[in-house]
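The values are calculated or read from the model by the stated rules, or taken from the named source; none is laboratory data. These figures come from a predicted structure and were not determined experimentally. For neighbour counting, all protein chains shown are included, and Cβ atoms are generated from backbone atoms with ideal geometry for every residue, glycine included.
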Ligand SMILES: *Cc1c(COP(=O)(O)O)cnc(C)c1O
């Protein structure tokens, strides 16, 4: 099987599995798991934040972040394409009673400051209190320009908004832009990291921020059923992922670019290599047929996300050879179609 559906499909490597088996563990709800504690401390120090919290998923980490910043009846601003709005089952509204205020993302993934300004609610009892601004980086595989991040940070500060980053793939952004890790996240009050995407851990995300914020998030995590016991078993894999799998994201980016270039040479597809910045490639089928194409690929053991556009994601279990195998299978499909 070659799986291009997502970078969440990665399999833990042998070293990772061994570290998991050997990890010293304790009850993390009591704060007793040395492996979880070490992971949280390592991540916080490395990224220049006071504190970190190990969470079961990126969805949970984002929800905790939003709920730790906003109260019932508050409002948060974010992009229409944001994962923490569109793909998290409405958790902030349902579980936090926090009003979503989505705004159209520009092509580069940013939310124009004009739109943000227009969406701020005046301090008037007719309105929800605008409390937080949330960005995402990378978003749709694109790296947010750091100049924009800094402008948005200034805007947030000027309007007393908490500033959160959904950084599920922040290391893809960091590796692509070459920016210093701490500098990339310094403007944010809080941010998340997915250990279970391109970094290759089987489970887990981190939420980072100041001490008081993380304490509030910890209570909320318990409330949501996210207090885990001997979680060091999985945190050990997360630590390995952070320590070993960041720089190699560049390979995924190179493979994605190669894939986009090869796809752009197939007449029946529309794919623009100049739009590929990290590990996500989109291609439109000029004559529809995305479903048939994905079914034909699946028969050959190649999995893709058959939306319109089709999405291909590169990760540590697909190499250059896998990319070429995929492209050959697509060409064969169109020859026979
Ligand atoms: C995957 C993802 C999440 C959520 O992570 P899960 O671990 O799947 O819950 C959040 N934000 C972004 C941008 C993601 O890609």
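Please verify whether residue 52 is over 27 Å from residue 122 (Cβ atoms) and within 12 Å of the ligand (Cβ to nearest atom), treating the condition exactly as stated. Considered against the rule, which asks whether it is over 27 Å from residue 122 (Cβ atoms) and within 12 Å of the ligand (Cβ to nearest atom), residue 52 comes out as no.
Of all the listed residues (137, 105), the sole one being within 15 Å of the ligand (Cβ to nearest atom) and touching a helix residue (DSSP H, G or I) at 6+ places or on another chain (Cβ under 9 Å) is 137. For the stretch 113-120, the criterion of being within 15 Å of the ligand (Cβ to nearest atom) and within 18 Å of residue 159 (Cα to Cα) is met by none of the residues. For the stretch 117-140, give me each residue that is surrounded by fewer than 22 Cβ atoms within 10 Å (Cβ to Cβ) and under 23 Å from the mean Cα position of the chain (by Cα). Listed by number, the residues that qualify are 131, 140. Among strands (runs of 3 or more DSSP E) entirely within the stretch 1-111, having at least 3 residues that are buried (at least 20 other Cβ atoms within 10 Å of the Cβ) and touching a residue at least 40 places away in the same chain (Cβ under 8 Å) singles out 51-55, 74-79.
Of all the listed residues (201, 235, 260, 217), the sole one being within 16 Å of the ligand (Cβ to nearest atom), part of a helix (DSSP H, G or I), within 22 Å of the chain's Cα centre (by Cα) and over 26 Å from residue 131 (Cβ atoms) is 235.
Being assigned by TED's automatic domain parsing to the domain that holds residue 30, free of Cβ contacts under 8 Å to residues at least 12 places away in the same chain and either out of contact with any helix residue (DSSP H, G or I) (no Cβ under 8 Å at 6 or more places or on another chain) or not in a loop (DSSP other than H, G, I, E, B) (or both) is a property that holds for residue 212.
Mind listing just one residue for me: the one in the stretch 150-194 that is over 25 Å from residue 54 (Cβ atoms) and touching a strand residue (DSSP E or B) at 6+ places or on another chain (Cβ under 7 Å) and, of those, nearest to the ligand (Cβ to nearest atom)? Among those residues, the one meeting the criterion is 152. Report every pair of residues separated by at least 6 positions or lying on different chains whose Cβ atoms are under 6 Å apart, first residue within the stretch 152-179 and in the same structural domain as residue 77 (by TED's automatic domain parsing) and farther than 30 Å from residue 255 by Cβ, second within 16 Å of the ligand (Cβ to nearest atom) and in a loop (DSSP other than H, G, I, E, B). That search, which allows pairs on different chains as well, returns 163/188.
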